[in-house]
Every structure is written in structure tokens, then in C-alpha cells.
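Data first, discussion second: the structure below is written as C-alpha cells.
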Ligand SMILES: Nc1ncnc2c1ncn2[C@@H]1O[C@H](COP(=O)(O)OP(=O)(O)OP(=O)(O)O)[C@@H](O)[C@H]1O
Ligand SMILES: [Mg+2]
């Protein structure tokens, strides 16, 4: 293993997140089992109190998940000197199979935790805990993912072996064991990808606005916002990064969060994450519009979610376009 | 939205005033918290910038060094090797080096004796190298040799010494320094200069000596050198060239600079990590302390929360209040700890753990580190300190926040 | 209009220390009246009051407030109803030490996020009305018993509740202050508020302005 302060911080964060979620899921299961809104028994009062604990835990996990996503990339970046052939985070993540799986899981879990909070918010608006069962079912789904993420992350960090000089003939052991950025995404042709990005983005924004104004096509928007999210991530690798780095071959999605590029990546990713969570949130909440206790507020809340998702995507597009237009790179 | 902001403002105001009302209790926590952050931050700043310093210095070191290994032990190298190496395709130049360690019985320290190369051109050929993350050119100029001498010429019978040596032996320019040569004779060499303080990490224990004197001191024959430096035309060919050297000269061991760099990284990371592991006991103790503080609400505090809930605050309002309380304490402790550590490491030379972290011999360098802090370090620090504190307080906070509102009806007396 | 149907409140259910504080109480409290709950110590007056005031939930039974069933509402909603509908006056003034009288009075309004300037005006007006406007910036520790209670009354009124709940408000007051308190209560009634008081004090339950006296014994309401 590589005993690096940042690695320790990563593992600590992962274990804490897992612990919090398993703890929350444990009480969530109790709630699923014993919940009886009609009862005034002490057990019910205790369970109702536990809901506060669980929301607090999930809120923290959500924040932690976001922070640890960036910390993870930072760590990968700062470990690059340890690996022959690794130039930035991308290379380090390639050191073992787990590297990218953890990253994907981190993003997934962030989105899931965000959706849980959306569901929780809606549930809190109803006077009879209308979504309580769904909410804790979702929690029961999230918990294993976080645990898997933690296990993989441990495997990734603990399994790392730095290529250091051995006591024998050092240079001969410097194998090119970490491939550079040779992923398929990077090799996607930039220009067609650019058009795809703008095309799908246009559809997404249009659907979102249509839903916001007319109240129709919500599910469609939810799906599109997820698709858009993936396309946007692919686009970052495929062409957005090129314009930011102003290099025709540098595809790294990670260097953009570094100092050299004015931390522009944070803004890009935050906009994207916000957009996808609120976008999918629309789809998650739509089936509950007819629930009695939620009728009055839910439509408004879903509208707000859709609007903020659209605005965030719009801001993302604007930022990307700005980067493209003012880039010195011509393609 | 407006009322939400207004509400948070009210809650923060109230939190601040309630923190100030319980100064004594909170100052204890704050001091301990700051101390923890301070120690961790100092450690991280220190290892990080020393690592950086070392990397910058090594950037100026030769790309490939070839040693001779006999029976697994480093041995003197015949000068004929030089021609063999020079003939390898891809090698731009190669130069012999003469250097060795000398143990000084008087002060019980090891010096590094080095014969400066006669023509500096062999070691530093200017050419463009593409380096990822090119460091700011502030610290070390690549074209300068490591051991910068202020124009003094080294003649037979003279030496130039590093600052560490000068400090340790308490000698200066003009003094004589005795050496015990391989055959038991005493050589008195005159100190003609000391090395600049620029790169003291490397040059602190360094002594520059003429080739003639070096051979006399160590008894090394004319046809031997310590090792050789190699410059290759194309940096990406380095491993291939190294492999070729290895093939032509089976007894040679080529060492690539980047590997030294990597080893350095690992060692310092490992040291930093080790310190954190050791230190985690302290963090754990602090977390338990924080847990205890947060769950052991005084009667006064319970009463206050009871009153708040009775007059119409909701459980989540109280949780928010406690969240702000934790945030205020954490951020205060975090930033004071970081700022103090910054001053400690970069302006005061980290008196607290220099010895532990540098792990050098008696001759350890005395240089000031270039201030260097990045977001990654701060995030790591945040995760290692604020995160445990925050998590440790969640359950106690929730307990406190769920005090029954009707408890206010049962308070008696003051 | 508050209606209670078959209210039971059991403490520490399942434990050896299980205790039924209220056992099947049925009650209707009319609007714009002064109702006094009296009865021996431990008979469950405070417990019943806290259920009426949405501070705690009954173990069984139903509470209707203005026709709305509130028993099974989540705490969030109960709190929201409570802070907008009820004002509480306790046996102890229950002011928070170390902050000024004005801040204490404004506390119940904080979670509502009202504009600070407006809230201040409202609080100062309330303090003036009870003749403690000049104390608004003093620390609560310096207040006399009567002043502290009046401050707590202003606090109970800050969100303009329609129902005032007072638990043994005169227990710590001398008779002069108790009369003063009853005058304030009379004013509430004149403003159209509903008042529910528990008291052992004849000065309270024998007062002319009281519309109805309810006696409790062993967790039940005597008829
Ligand atoms: N949280 C609790 N846990 C256990 N028992 C309780 C609790 N709260 C109240 N009780 C019990 O319930 C009974 C009724 O209490 P309550 O305070 O309602 O009486 P009361 O009529 O207000 O008395 P007093 O006139 O002395 O104020 C008491 O015996 C008390 O000990
Ligand atoms: Mg009582």
C-alpha cells in the first residue's frame, strides 16, 4: 500500500461514509418494519425522532460524497510521480481495475444520495409521511453501493505498489505498466461529438422548458437529463478538455480541476452534478403528484427542480461555449 | 428563499452568542482542536515542501548515473567504461564522477566529498525537455550546477565546504581542515570558500575537492572513477539506453533520475503517512473528547434547548443551530491551526519536528523552505480533522435536539 | 375550538416504571374563553396542557384543533401549528440567560425568518405594553420576578397566537403580582384570545373573569 496522508484521508472518508449509511440504513429498516403513523406509542415517537437522525446523516453523506469525489481525483493526481508512465490522475487511476470503478461508483452514489435528499424534502412537506416507505427503501438500495465503493476503494489504495528503485537493477524494472490516456472515449472524434453534445443539449433544454411551462414530458426530461449527464462527461473527455488545455491531444478530464486551469473543472462538474440530481429528481417525484398530502406543493417543487436543472445545464453549456470560443485551439 | 436566509442568520447569531456565553467550555475544545490541526498541518506542509524542494533539486541532477556493481556491492568503475557508454546510440555525452563518503571521527558525521566536473558542459546541455507540471522556476535554475561556488577556483590542497560542515566544525574560509587519508597520513586542506545556501538540502554535507587530492585521500588509482553520468538525446529513450548499458556492461547499474525522484516521493509520503498513523491516536482521543463534550450537555444547555423547543423551535432548527455551532468551531480551529502551522513551518523553520521528519544525521540542513500550500493539502487536512469531529458530534447533536419540548414545563428553580 | 377524545398518556410503557398520567380524558374547550384546570399535584394537568398545546402527542386518543385532527401529525407540522397558534407561559419565566430581554422575546420568531427590523418593532411594542420597554436591553438575570414573567408573556405573544396556555403562572408571584397577571389575562380575552390556565391558586380559579373551571383527579376529568 502507499502510505500517503491523502490516501489515509480518502480511506477515512470512505469508511465514515459507509459507516454513516449503514447506520442510517439500519434505523431505516426499523422504520420500514415498525412504522405506524396512527400510533402514539413510544416506539413510534422514537422512530419519528430517528427520521431526523437519518436525514442529518444522509445530508452529511451527500456533502461528504461530493468532497471525497474531488479528493479522490486530487489523490490520484498527487500520486502520479509514483508510477512510471502516469502523467496525471488519469494514469494513476489506471494502475488497477479498481481505479475507475471507484470513480464511477462515487459519482453514482453522489447522485443517489442527492435523489434521496430530494425525496426526503418532498416527504417532509406532507403531513402524513407520504413517501416514508419509498424513502427508506431507496436508502436500503444506496447503502450496499456505498459499502461496495468503500471496499473497492480500499482494494485500490491498499493494492497500490509504487514503482520504486529496487536494490537490484532499478531501471530494468521500470515497465510501462500504466497506459496513458488510451481510453476509447478520448479517441471519439471531437467534432461529431461536439455536434452531438449541442444537439442533445438543445433537446434536453427544450424538453425541460416545455415541462416547466406545460407540465408535460417530465419523465422524458428525467431520462434526457441522465443521458445528457453522460454525454456531457464523455464530451469533457472528448473535446471540452481540448479547448481548455488548448492542446489537440490532451483529453484528461481531471487536470481541469487543478490550479493550472483556474479550477474551472469544479465549476463545470458542480453545474453538471447539480443539473443531473435535480433533473432525475423530477422523474422520481412525478409519480407522487397525486398523493393527497403532497398535491399542493409537489407540482410547484417539481417545477422548481426542473427549472433549476435546466438553468444549471444552460450555465454548463454557456461555460463550455465560452471556453470553446475563447480558446486558442482551432479544430 | 429570503425568509430561509433570514432564518439562518437568526440561527447563526444565536449560535454565536450562545458559544460566547459558554466561553470556558468552548475555549478548551477550540484550543485542543487547533492544536490537532496545527500539528497535522505542520507535518503535511513540512513533508510536502521538503519533497518539492528535493524534486526541484533533483531536476538539476544528471538524468542517468551508471555505477559498477560487484557482488551486489557498489565498486569503483574502470575509466574504459566511459568509451563503451559513449558509443551507445542515443547517448549524447557521458562523464566520469569522483565522489565518496568520508567519516569524520571528531564530530561523528559523514561528509560527501565530490570532485567538481572540469567542464560543466558535460553535465548541463541545454535542450528542451517536455516536463509535465513544470514547477515554477522560482527555486532552482536548471542550468546552474548544484554546488554553486562564487567564482572561487579550487586548487590542489584546497577545499570548498558546505554550510553544514562549516557549522559543525566551526570553521570558515581560510581555516585548515585535517583529513586522515587511506594510508594513515594526515592531509591538511585549506578551506577556500563555503557553498551557497541555495540548495542546502543537498549541499549541506558536501565538500568539494580537487581530483588529485581526492585520489590521494581515498587511494584511488588513475584508471578508476566512482561512477558516470550519462545524458541521453531523447528523454523517452532513457529506459532503452539504460537497458543497452546494462547489456554491454553487465556489471554496470544505471540509475534513472526519475526513479530517484520516485523513491524520494515514496519515502516522504511514507514518512508523512507514518506520522499520521502515529498521530491518529491523538486524533482519536480528540474525537472521543469531542463526542463527550457534545453528548455531555450541561443542565443549563439542556434547559436552553428545552426552552427553545417549547417556544416553537423545531428539532431540525436545533440541529441546524448545532450544525452552525460545529461549523464555527471547526472553521475557527481549522484556519487558526493552518495559519499557525504555516508560520511555524515556513517562517520559523519548524522547530517542533524538524529532527523527526528530516531524519538526517548530525549534519542536517538548515534552510528555510519555500512556502508551498495547495488545495490538495488543505482538503486532506480538512478530511483528517474536521470530518472526524463532525461525524463524532452528529449523534450527540441529534440527541440534544430531540429533547422533549414539554420538558420546559417541568423545569423548576433556576 | 379544541376537542379531546379519549386521550391517554402513558409514560415509560413496558417498563416497571410505567405510569398512566392521563387515562381517557374527553374535553372541549371553547374559543375566546378563559378555562382553568385545577386539581391535586400529580393529577396530570401539565401533561394534558402539553398535549393540548401540541408539545407532546398522546399515546392514544384524538385531538382536534379547529376541526383538524392533529394527533398523528409529524413533529414538524405540530411545531408549526404550535408556534403560530399557541403562546406558552410557564411556571418559571424560562428565559435564556446571558442574552438581552429583547432577544429572549424575539426567540420564538427566529425559525419563521421574519424581517429583523419588523420583528424588533413588534417585540419592543410588546415590551412597552407590559411596561418593561426600558428593560429591553438588560440581561435577563437582572430582572425581578414580576418583570421576568412579563417578559415571558411578551415572548408568548410575539407570534400573535390565538390561544394562550399558562401552566401555574402565579406560583412564584405574590398576590399583588398575581392580580396584575389576571388583569393581563383579562385583556387577552378582550382581544378575542382563548386562554387555558392550570392553577392551584384560588386567586386564579375563583376570579370573576374565568369562564370555566375543570377539575382533574388521577389522570381523569371530574364532571
Ligand atoms: N416524562 C415523564 N415520565 C414519567 N412520568 C411522568 C413524566 N411526566 C410526568 N410524569 C408523571 O405524570 C404525572 C402527572 O404529572 P403532571 O406534571 O401532569 O401533574 P400536575 O397535575 O401538573 O402536577 P402539579 O400540580 O404538581 O404540577 C405525575 O405523577 C408525574 O410524575
Ligand atoms: Mg404541573
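Rounded to the nearest 10 degrees, the angle from helix A:42-78 to the longest Cα principal axis of chain A is 20 degrees.
If you take the Cα atoms of the stretch C:105-153, find Rg, then find the Kirkwood Rh from the mean of 1/r over all pairs, what is Rg/Rh? It would help to have the intermediate numbers written out before the result.
Values: Rg = 11.0 Å, Rh = 11.3 Å.
Result: Rg/Rh = 0.98.
Per residue of peptide A:35-48, the mean number of Cβ atoms on other chains within 10 Å of the residue Cβ is 4. When both the stretch C:170-207 and the stretch B:228-263 are represented by their alpha-carbon centers, they are found 97 Å apart. The value given for the stretch C:44-87 is a Kirkwood hydrodynamic radius of 10.5 Å, derived from the mean inverse Cα-Cα separation.
Note: relative contact order over the stretch C:26-169, using C-alpha pairs below 8 Å and six or more positions apart, is 31 percent. log10 I(q)/I(0), Debye, Cα-only the stretch B:28-97, no solvent, q = 0.12, 0.24, 0.25 Å⁻¹? One equal scatterer on each Cα of the stretch B:28-97 leads to -0.59, -1.04, -1.07. For chain A, the longest principal axis of the C-alpha atoms and the axis of helix A:98-125 are separated by about 20°.
Each 10 Å bin from zero holds the following percent of Cα-Cα pairs in the stretch A:168-331: 10, 34, 26, 16, 8, 3, 1, 0. Angle between the Cα long axis of helix A:5-34 and the longest principal axis of chain A, 0 to 90 degrees, nearest 10? On a 0 to 90 degree scale, this one is about 20.
If I take all pairs of Cα atoms in the protein assembly as shown, what percentage of them are more than 43 Å from each other? It would help to have the intermediate numbers written out before the result.
Details: 238373 of 468028 pairs.
Of the Cα pairs, 51 percent sit more than 43 Å apart.
Taking every alpha-carbon pair under 8 Å whose residues sit at least 6 apart, the stretch A:168-331 reaches a relative contact order of 27 percent.
Give me B:58, A:305 sorted ascending by neighbouring Cβ count inside 10 Å, so fewest comes first. Please report the intermediate quantities before stating the final value.
On the way: B:58 17, A:305 26.
Ranked by crowding around the Cβ, least crowded first: B:58, A:305.
Across all directions, the average flat footprint of the convex hull enclosing the Cα atoms of the stretch C:89-129 is 3.3 nm².
With n ≥ 4 as the cut-off for DSSP H runs, can you work out [θ] at 222 nm for chain C, using -39500 (n - 2.57) per run divided by the number of residues, rounded to the nearest 500?
Numbers: 7 runs with 72 residues, N = 223.
Helix contribution divided over all residues of chain C: -9500 deg cm²/dmol.
What does the structure give for B:382-388 when I average, per residue, the other chain Cβ atoms found within 10 Å of the residue Cβ? Please report the intermediate quantities before stating the final value.
Values: counts 3, 13, 6, 1, 0, 9, 2.
Per residue, the average neighbour count from other chains is 5.
Enter the mean number of other protein chain beta carbons within 10 Å of the beta carbon of each residue in C:93-99, as an integer. Please report the intermediate quantities before stating the final value.
On the way: counts 2, 10, 2, 10, 5, 7, 6.
Per residue, the number of nearby Cβ atoms from other chains is 6 on average.
So what's the gap between the Cα centers of the stretch A:237-280 and the stretch B:36-51, to the nearest angstrom? With the stretch A:237-280 and the stretch B:36-51 each reduced to a Cα centre, they are spaced 30 Å.
Which of rounded, prolate, oblate describes the stretch B:295-353, given a ≥ b ≥ c as roots of the alpha-carbon gyration tensor eigenvalues and a/c under 1.5 marking rounded, otherwise prolate only if a/b is larger than b/c? Display every interim value, and only then the final one.
Values: a/c = 6.08, a/b = 3.24, b/c = 1.87.
Note, shape of the stretch B:295-353 comes out prolate.
Under the classification rounded if a/c is under 1.5, otherwise prolate if a/b is larger than b/c and oblate if not, where does chain C fall, given a ≥ b ≥ c as square roots of the Cα gyration tensor eigenvalues? Verdict is prolate for chain C. Size descriptors for the stretch C:133-223: radius of gyration and Dmax over Cα atoms are 14.4, 48 Å.
Per residue, the average separation of C-alpha pairs within less than 8 Å and at least 6 apart gives chain A a relative contact order of 19 percent.
Classify chain A as rounded, prolate or oblate from the Cα gyration tensor: take a ≥ b ≥ c as the square roots of its eigenvalues, call it rounded if a/c is under 1.5, otherwise prolate when a/b beats b/c and oblate if not.
Values: a/c = 3.10, a/b = 1.35, b/c = 2.29.
Oblate shape, in that a/c is at least 1.5 and b/c is the bigger or equal ratio.
Equivalent-ellipsoid semi-axes for the stretch A:1-165 (Cα gyration tensor, √(5λ), whole Å, largest first): 39, 13, 11.
Laboratory data are not the source of any read-out in this text; all were calculated from the coordinates shown. No experiment lies behind these values; they were computed from the predicted model shown. In this analysis, Cβ positions are derived from the backbone assuming ideal geometry, glycine residues included, and neighbour counts consider all displayed protein chains.
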